[in-house]
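Notes for the one structure printed next.
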Amino acid sequence: MAEATSRGIGTVILLGSPGAGKGTQAKKIVERYRIPQISTGDLLRENVQRGTPLGLAAKDVMSRGGLVPDDLMYDMVAQRLRNEDCQRGFILDGFPRNPAQAGWLDAFLENEFFEKGQGEPCLPIVIRINVDYNKLLRRITGRRSCPVCGRIYNVYSQPPRVADRCDVDGSALVTRDDDREEVIRDRLAAYELQTKPVAEYYARKGRLVSVDGDLPVNEVTEQIFRVIESQRGVPGGDK
Ligand code: AP5
């Protein structure tokens, strides 16, 4: 089997503002490299829906567009990354979201993956999806998703074949609670203030690569695959 597929591609971190296309692109990476997508937003929403203590603690802050406290995030992310399916690599979508989380992640990867010899001692691939600020509102207000398979649509740019129904399983599509205009503005503000410095954190370490997220979905995907394969080798290739 190809080296990049048999050994996995390690950690891929997707950065970008709300609506930049992290979730959309993460699903493409999952399909190609067979590693799981760890979306902290999805994990939190599942907890809110199930009414767990974490969900109860996170619900209000999420509905206001703020960030859930770091300690709660660390427990949730550590538990998820210790699952067997993450040993060959994983895509982080929505984490880290401030410089403290980025420092925590570096320490976690060092202690739990590299030192114990689980996985390759390779540094994360950090990809920032850049999108023009003025396009974000339309992307987010137009988003619909399938509650069953998680597929993401957009009523303007990626509509389902049948209005409001998932192409894959026919489920009724839903709008996220925090995709309301007043909350979106607070999410974008939280991104500017708290999450933008994460890109600077990785840029200082020489790990940040940016892609043009204003292009159509498949063209963004091609750029991302090129970044991954320039750093880890091509599935089926011998790099
Ligand atoms: P989270 O779920 O992570 O939301 P987010 O970061 O705001 O990102 P989005 O899911 O809105 O956007 P996306 O980049 O995934 O875009 P998508 O692919 O869907 O977080 C939600 C909340 O959870 C946070 O506000 C916070 O409270 C909490 N939280 C999560 N992680 C946390 C953490 N680490 N610490 C603390 N709190 C945390 O695309 C958007 C739309 O655009 C879709 O309709 C799509 O079809 C369309 N689209 C995508 N790409 C393109 C394209 N190239 N061209 C045209 N349309 C496109």
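Using Cα-only point scatterers and the Debye equation, what is log10 of I(q)/I(0) for the chain at each q in 0.11, 0.18 Å⁻¹, rounded to two decimals? Summing over Cα pairs of the chain leads to -0.57, -1.61. Overall, segment 21-154 carries a charge dipole of about 960 debye about its Cα centre when +1 sits on the Cβ of Lys and Arg and -1 on the Cβ of Asp and Glu, all other atoms neutral. Segment 139-215 and segment 1-74 have their alpha-carbon centroids 12 Å apart. The relative contact order of the chain, computed from alpha carbon pairs under 8 Å that lie at least 6 residues apart in sequence, is 32 percent.
For segment 87-239, the residue among VAL126, VAL198, ILE224 whose Cα projects farthest onto the positive side of the dipole built from Cβ charges is ILE224.
DSSP loop (so not H, G, I, E, B), at most 15 other Cβ within 10 Å: list which trypsin sites (Lys or Arg not before Pro) in segment 64-98 pass both filters.
Of the trypsin sites (Lys or Arg not before Pro), the ones in loops of segment 64-98 whose Cβ has at most 15 other Cβ atoms within 10 Å are ARG82.
Note down, for segment 49-107, the three equivalent ellipsoid semi-axes (square root of 5 times each alpha carbon gyration tensor eigenvalue), biggest first, whole angstrom. Working shown, then result.
On the way: eigenvalues 91, 46, 19 Å².
For segment 49-107, the ellipsoid semi-axes come out as 21, 15, 10 Å.
Along each principal axis, taking the top coordinate minus the bottom one, the Cα set of segment 129-239 gives 43, 40, 22 Å in descending order.
Charging the Cβ of each Asp and Glu at -1 and of each Lys and Arg at +1, and nothing else, the dipole of segment 27-73 about its Cα centre rounds to 300 debye. Once the dipole of the chain is set up with Lys and Arg at +1 and Asp and Glu at -1 on Cβ about the Cα centre, which of GLY89, ILE35, GLY142 lies farthest towards its positive end? Of the listed residues, the answer is GLY142.
Could you give the size of the charge dipole of the chain about its Cα centre, using +1 on the Cβ of each K and R and -1 on the Cβ of each D and E, expressed in debye and rounded to the nearest 20?
Details: 35 positive and 34 negative charges, 77 e Å.
Magnitude of the dipole: close to 380 debye.
Ranking GLY16, TYR156, ALA102 by Cα position along the charge dipole of the chain, where only Lys, Arg, Asp and Glu carry charges on their C-beta atoms, puts TYR156 farthest toward the positive end. Annotation for segment 83-166: chymotrypsin sites (Phe, Trp or Tyr not before Pro) lying in DSSP loop with at most 12 further Cβ atoms inside 10 Å of their Cβ are TYR156. Please report, in cubic angstrom per residue, the volume enclosed by the convex hull of the alpha-carbon atoms of segment 190-233. Measuring per residue, one finds 79 Å³ for the Cα hull of segment 190-233. Pairs of Lys residues in the chain are counted when their Cα atoms are under 29 angstrom apart and they lie 8 or more places apart or on different chains; the count is 23.
Every read-out reported here was derived from the displayed coordinates using simple, explicitly stated rules and does not represent laboratory data. Just so it is clear, the structure is predicted and the values come from calculations on it, not from any experiment. Glycine also receives a Cβ, built like all others from the backbone with ideal geometry; neighbour counts cover every protein chain displayed.
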